[in-house]
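**Student:** What follows is a structure written as structure tokens; I'll ask about it next.
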Amino acid sequence: MHLPWYAPSRTAEETIHGPIFIQEPYNITYSTASANPEILLNCTAKGCLLPYYRWKQNGTDIDLTMSYHYRLVGGSLAINNPHKKRDIGTYQCLATNSFGTILSRMAKLQFAYLENFETKTSSTVSVREGQGLVLLCGPSPHYRGLSCTWIFNNNTLYVQEDSHRFVSQETGNLYLAKVEPSDVGNYTCVMTNSKANQSVQGLPTPLTLRIIDTAIPLRGGERLLVKSYART
């Protein structure tokens, strides 16, 4: 007995449909000091038929034929030797099959970096004893996670609980409440970017106390020259 020909019904999983995202790209902050020379923006979709992929950067289609810089890993976008000026921005993945196209959420690619201080000579700062003082740091160009410390005569200054000194984490400036003879020396600002895992160091700023020469008359017309710190 011959059974009439029939086609088995498709299950829900087998139903022909447009692409559906399994994985979409997410925001990434890439350190310019990273040992990994590649960024991977994830994208995976399912569909029947299987989708193919395209990518946009800042709303513009990426030319994936630039094989030296971009390549697809499945549907994910790999960026080789990323550069902040060229690659910073928002990215979106497009998955397409015969039944439609879907566009992923936007993912931001940012770069954590810390550039060197300007190479200019620091002038000597001369103040009176007891005078308040601000030593300027002037943060170098950076993005994210910046903190500041100071070095005094080759030793790190620990000022968290020091009422005599204070470091502003907003500006990096060092504040001295009242300058004392023990404060004389070289001060160096150090900026650290925790996201970029980098530190840069400025040039030393010498701090001195102003000296006053006082001539004391002596018998016989002679004078004794006395040098002393100028006080406020």
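The values are calculated or read from the model by the stated rules, or taken from the named source; none is laboratory data. A quick note: this is a predicted structure, and the numbers were derived from the prediction, not measured. So basically every Cβ, Gly included, is an ideal-geometry build from the backbone, and we count neighbours across all protein chains shown.
**Student:** So how many residues does segment 35-69 have that are free of Cβ contacts under 8 Å to residues at least 60 places away in the same chain and over 30 Å from Phe99 (Cα atoms)?
**Tutor:** 6
**Student:** Looking only at segment 171-230, which residues are surrounded by fewer than 13 Cβ atoms within 10 Å (Cβ to Cβ), among the β-branched types (Val, Ile, Thr) and at pLDDT 70 or above?
**Tutor:** If the condition is that a residue be surrounded by fewer than 13 Cβ atoms within 10 Å (Cβ to Cβ), among the β-branched types (Val, Ile, Thr) and at pLDDT 70 or above, then Ile211 is the only one that fits.
**Student:** Further question: Yes or no: Gly75 closer than 30 Å to Thr192 by Cα, surrounded by 14 or more Cβ atoms within 10 Å (Cβ to Cβ) and either outside the structural domain of Cys189 (by TED's automatic domain parsing) or of a type in the set (Asp, Glu) (or both)?
**Tutor:** Here the answer is no, as Gly75 does not meet what is asked.
**Student:** Being over 30 Å from His17 (Cα atoms) and either in contact with a Gly (Cβ under 7 Å, 6 or more places away or on another chain) or surrounded by 13 or more Cβ atoms within 10 Å (Cβ to Cβ) (or both) is the filter here; which residues of segment 78-103 pass it?
**Tutor:** Ile79, Asn80, Pro82, Lys84, Asp87, Ile88, Gly89, listed by residue number.
**Student:** Also, I was wondering about something else. Looking at (1) crowded, with 17+ Cβ neighbours inside 10 Å; (2) modelled with pLDDT under 95; (3) not aliphatic (A, V, I, L, M), can you tell me which one Gln57 breaks?
**Tutor:** Gln57 satisfies every listed condition except (2).
**Student:** Something else about it: If you go through segment 23-69 one residue at a time, how many are farther than 20 Å from Arg105 by Cα, assigned to a strand (DSSP E or B) and hydroxyl-bearing (Ser, Thr, Tyr)?
**Tutor:** Residues in segment 23-69 being farther than 20 Å from Arg105 by Cα, assigned to a strand (DSSP E or B) and hydroxyl-bearing (Ser, Thr, Tyr): 1 in total.
**Student:** May I ask you to verify whether Asn155 is farther than 30 Å from Tyr30 by Cα and at pLDDT 85 or above?
**Tutor:** yes
**Student:** A follow-up question, please. Of all residues in segment 78-130, count the ones that are touching a Ser or Thr at 6+ places or on another chain (Cβ under 9 Å) and assigned to a loop (DSSP other than H, G, I, E, B).
**Tutor:** The total comes to 12.
**Student:** Considering only residues that are more than 29 Å from Leu50 (Cα to Cα), aliphatic (A, V, I, L, M) and modelled with pLDDT under 90, which ones fall in segment 66-113?
**Tutor:** Within segment 66-113, Ala112 is the sole residue that qualifies.
**Student:** A further question on this structure: Within segment 1-22, track down each residue that is at pLDDT 90 or above and either aliphatic (A, V, I, L, M) or part of a loop (DSSP other than H, G, I, E, B) (or both).
**Tutor:** Ile20, Ile22
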